[in-house]
Amino acid sequence: MFALEFDRLSKRYASVWANREITLHITSGSIVGLLGPNGAGKTTLLRQLVGLTRPTTGTISINQQRVVPGMRWVKETIAYLPQHPLALADLTVYEAICFSARLRGQGALKY
């Protein structure tokens, strides 16, 4: 059983593919990094994972439960802090992470 699955995931903006046909299976306890040049689709993939962007095709599952944009359980499962959180500029990194987690429905974090 995989903790996280991307199955033929694609996102298209007009004539530009942000990502295309991504299939990836990640087991529980794994540590994964996304590397690539600007414009490679890394942010789009993460936004799809947390339900902020709807895929054009394909599916994402967390613990065999399908990710659908707007579902509360996704927000409670994954904390997402983008690279440029403009509204959080005056906070420490820890404060920004805690604030972002609470916005997404997670409780207080322990340091």
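What follows is calculated from the coordinates using simple rules that are stated; it is not laboratory data. What you are looking at is a predicted structure, and each value in this text was computed from that prediction instead of being measured. Cβ placement follows ideal geometry from the backbone for every residue including glycine, while neighbour counts extend to all protein chains displayed.
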Given labels modelled 7 Å from the Cα in the Cβ direction, how far is it in nm from L24 to E95?
3.2 nm
The Cα radius of gyration of the chain, divided by 2.2 N^0.38 Å with N its residue count, comes to 1.12
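Per residue, how much space in cubic angstrom lies within the convex hull of the C-alpha atoms of the stretch 1-46?
In the stretch 1-46, the Cα hull volume divided by residue count equals 68 Å³.
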How high is the relative contact order of the chain, given as a whole-number percent (alpha carbon pairs under 8 Å, six or more residues apart)?
24 percent
Which of L45, T27, C98 sits farthest toward the positive end of the charge dipole of the chain, with +1 on the Cβ of Lys and Arg and -1 on the Cβ of Asp and Glu?
L45
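With +1 on each Lys and Arg Cβ and -1 on each Asp and Glu Cβ, how big is the dipole of the stretch 12-108 about its Cα centre, in debye rounded to the nearest 20?
320 debye
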